[in-house]
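Heads up: the structure comes next, in structure tokens.
What follows is calculated from the coordinates using simple rules that are stated; it is not laboratory data. Bear in mind the structure is a predicted one, so any value in this text is a computation, not a measurement. Note that each Cβ is placed from the backbone with ideal geometry, even for glycine, and that neighbours are counted across all protein chains shown.
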Amino acid sequence: MYLGVAFSFAALFLAGRERRTDLPPLPILLVLIGFIGAMGIDGVNSYTHFFPNFPHVYEPQNWLRLVTGMGTGLAMGVLVFPALMQTLWRDGNGRSVIETWGELLDLLILLTIATLLVLSNQPTILYVMALVSVAGVLLIVTALNAVLLLMLFKRDGLAVRWRETAVPLLISFSLAVTELVIIALLRLNLTGTITGFPGLA
């Protein structure tokens, strides 16, 4: 999922969408919500396998988890990116971050390539993708922190240049790191591991 977030954020930024502050048109938005729903369905189906007598629709597959996770990451990136930009900029242009089906297709092609690279199971590629996924976690948590903090302190919609966003983004990033470390420590204390719940792996 976070791999999809990282690639979607990077693609939107490199495409010069950092001043776009609106969500995609409703049909595209519904498709993105569908991606999230697909991951939810796959997740529920996978979870039912922890209970031997519980009915399930199909056997869980790692490649399917990857695909639905990528779709959800794309949706999260496309939804959170304009929210962050709207919160940061005074002079956002009010355009949709994705306006056409072609633009959505471009993102889907990018994520398809990333998915195929992960499925190649090449150690070097997997290592790089793991680092990109970590960046995705930090990106989404930092973005949500920035949106909440700027709105809370009524400092939203003030920046004109990137340097004016440095302080709120740095504070939001620091909070993101702190939050993730606390979550990891809590999980370690509760379960004795940060890699998975004992007995469920």
Report, to the nearest 10°, how far helix 166-191 tilts away from the longest principal axis of the Cα atoms in the chain, using its own Cα long axis and a range of 0 to 90°.
-> 20
For the range 42-55, in order, what is each residue's ³J(HN,Hα) by Karplus, 6.51 cos²θ - 1.76 cosθ + 1.60 with θ = phi - 60°, in whole Hz (x at glycine and Pro)?
-> 5, x, 5, 4, 5, 5, 5, 6, 6, 10, x, 8, 7, x
Give, as a single signed number, the net charge of other residues whose beta carbon lies under 15 Å from the beta carbon of Leu88, with Lys and Arg counted +1 and Asp and Glu -1.
-> +3
Counting other Cβ atoms within 10 Å of each Cβ, which trypsin sites (Lys or Arg not before Pro) in the range 22-126 have at most 14 and sit in a DSSP loop?
-> Arg90, Arg95
Distance between modelled label sites at Phe153 and Gln61, nm, 7 Å Cα→Cβ extension = 4.8
Given the Cα-Cα distance of Ala166 and Ser120 and 0.36 nm per residue of separation, how much length would full extension add, in nm?
-> 12.8 nm
Could you pull the Cα extents of the chain along its three principal axes, largest to smallest, in whole Å?
-> 56, 42, 34
Mean residue ellipticity at 222 nm from the helices of the chain, using -39,500 (n - 2.57) per DSSP H segment of n ≥ 4 over the full residue count, to the nearest 500 deg cm²/dmol?
-> -24000 deg cm²/dmol
